[in-house]
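Student: Here it is, the structure in full.
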Amino acid sequence: MKHLSILGSTGSIGTSALDIVRIHPDFFQVKALTAANNIDLFSKQIDEFEPELVAVIDEEKALELSRALKGRCRPEILSGEAGYMEAASYADSDMVLLAMVGAAGLKPAICAIESKKQVALANKETLVMAGEIIMAKALENNVSIMPVDSEHSAIYQCLKGNQSKDLKTIFLTASGGPFRQKSFDSFKDITLKDALDHPTWNMGHKITIDSATLMNKCLEIIEAVHLFDVTHEEIQVIIHPQSIVHSMVGFKDGSIMAQMGQPDMKGAISYALSGPDRLDLQMDFPDFIKLQSLTFEKPDTKRFPSLLFALEACRQKGTLPAVMNAANEAAVCAFLEKRIDFLDIFKLISKTMELHTRIDNPDLSGIIEADYWAREKVKSWI
Ligand code: MG
């Protein structure tokens, strides 16, 4: 039996994780839940899974939740950063699923690691911002970080039973998003609705926009650098529109291991929570006869400069990855509010990265300061 704290339970990853818990009550028990916005869904989750600890983002949401629960038997409602820290370090939990969106996941991630919890990490922004600090802390506290990202879960699974010294190349696959075949001339006409219409994966808004810009793949390169202790030169991004191969690992003898499955996040979430045990998820295998072919393409960095941002951030390191991530988050937020165009996202990230005075080997406060600086810069231009 695994005891879970789920941070970000009402998002796409959080709800899928609870679907898994629902079909395997013999395997998991939910001890703590946190959510930021969807109080209606959150109150239903609390009723169903009966966690001992719940936390929301602020006092106002705490009141809203208290009203939604109508005084039914429930745990105390915590709010703010302190509440998230309590959930991340809750004594009765042995595993923390970090499924919050964006930079907000950084402090709870560190708190969970310092509390020696097993960590299932869905929040890639955390590793992009502070990968060196997080991996060093994980090592120091003897904490294993299980990737929830489908590509990184695939790489992790492919590496199992092999020696990391034999690894030569990581083939990081990408669906290519909804604009894979769109001409650059028509990028200026892309609407929010177009960008939210992902061809293969069903995900939250922020990551869906990141997939449309390929910023998701940019963040995933940096995530892989930290998780698997490789350089960005050892990672090759390949566009694979069918999203059946979730990623591959090439070894020095020329052999390649691929992990495949339906494009459904439940597989990766479940493996992160229960691996090496594999739970029955009642999922069909891909129908290879129907699919007929799996195709692979080279990414186009002229239309999607995101991969070049990743290379620059990996080359320069220091505070630059955090700045790139924060500029992206602020730009995506403005795009979701229809305040900027699709192409502005690239322009704002590029401009912010160019203007930043990088600091080498920053500590946590240096990273948080750089993150704040980048958000303010983007806001001042919008
Ligand atoms: Mg992914």
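Only the coordinates and a few stated rules stand behind these numbers; no lab work does. Note that the coordinates shown come from a computational prediction; the quantities given were computed from them, not determined experimentally. Positions of Cβ are generated from backbone atoms using ideal geometry, with glycine treated the same way; all protein chains shown enter the neighbour counts.
Student: Just order 338-345, 265-272 by mean Cβ neighbour count inside 10 Å, highest at the front, would you?
Tutor: Top of the packing list down: 265-272, 338-345.
Student: Same structure again: With +1 on each Lys and Arg Cβ and -1 on each Asp and Glu Cβ, and nothing else charged, work out how big the dipole of the chain is about its Cα centre, in Debye to the nearest 20.
Tutor: The dipole of the chain has a size of about 600 debye.
Student: Output needed: percent of Cα pairs per 5 Å distance bin for segment 152-316, bins running from 0 to the one holding the longest distance.
Tutor: The distribution over segment 152-316 is 1, 8, 16, 20, 20, 17, 10, 4, 2, 0, given as percents.
Student: Ok, one more. Show me, for segment 103-110, the HN-Hα J-couplings you get by feeding each phi into the Karplus relation (A = 6.51, B = -1.76, C = 1.60, θ = phi - 60°), rounded to Hz, glycine and proline as x.
Tutor: Here the 3J(HN,Hα) series is 4, 4, x, 4, 5, x, 4, 5 Hz.
Student: Determine the relative contact order of segment 2-147: mean sequence separation of Cα pairs under 8 Å and six or more apart, normalised by residue count, in whole percent.
Tutor: 23 percent
Student: Now a separate question. Under 13 Å Cα to Cα from Lys206, which aspartates and glutamates show up? Leave out anything in the same chain fewer than 8 places away.
Tutor: Filter leaves Glu125, Asp197, Glu329, Glu337.
Student: Same structure, new question: Taking every pair of alpha-carbon atoms in segment 241-340, give the share separated by more than 24 Å as a whole percent.
Tutor: Across segment 241-340, Cα pairs with separations above 24 Å total 54 percent.
Student: A follow-up question, please. From the convex hull of the Cα coordinates of segment 63-205, what is the mean projected area in square nanometres?
Tutor: 13.2 nm²
Student: Contour minus end-to-end for Ala91 and Ser293, with contour as 0.36 nm per residue of separation and end-to-end as the Cα-Cα distance?
Tutor: So the chain would gain 67.8 nm between Ala91 and Ser293.
Student: For the pairs Lys137/Lys217; Lys193/Lys266; Lys188/Lys347; Lys137/Lys317, flag any whose C-alpha to C-alpha distance is greater than 21 Å.
Tutor: The pairs that break the limit, which is 21 Å between Cα atoms, are Lys137/Lys217; Lys193/Lys266.
Student: Next question. List, largest first, the extents of the alpha carbons of segment 1-52 along their principal axes, each in whole Å.
Tutor: Extents along the principal axes: 29, 21, 16 Å.
Student: Please tell me the relative contact order of the chain in percent, rounded to the nearest whole number, where contacts are Cα pairs under 8 Å and at least six residues apart.
Tutor: With pairs under 8 Å counted, the relative contact order is 15 percent.
Student: Follow-up. Using label points projected 7 Å from each Cα along Cα→Cβ, tell me how many nm separate Lys193 and Glu233, to one decimal.
Tutor: So the two model labels end up 4.8 nm from each other.
Student: At 7 Å along the Cα-to-beta-carbon direction for both Ser183 and Arg278, put a label point, then send me their distance in nm to one decimal.
Tutor: Result: 4.6 nm between the two label points.
Student: Also, quick follow-up: Could you give the alpha-carbon Rg of segment 2-147 over 2.2 N^0.38 Å, rounded to two decimals?
Tutor: Ratio of Cα Rg to 2.2 N^0.38 Å: 0.98.
Student: For Lys338 and Leu63, FRET efficiency with R0 = 35 Å and r from the beta-carbon atoms, rounded to 0.05?
Tutor: For Leu63 and Lys338, the calculated efficiency is 0.75.
Student: Ratio of Rg to Rh for the chain, alpha carbon only, Kirkwood?
Tutor: 0.95
Student: Of Lys31/Lys117; Lys168/Lys302; Lys44/Lys107; Lys116/Lys165, which pairs sit farther than 23 Å apart, going by alpha carbon to alpha carbon?
Tutor: Checking Cα-Cα distances, Lys168/Lys302; Lys44/Lys107; Lys116/Lys165 exceed 23 Å.
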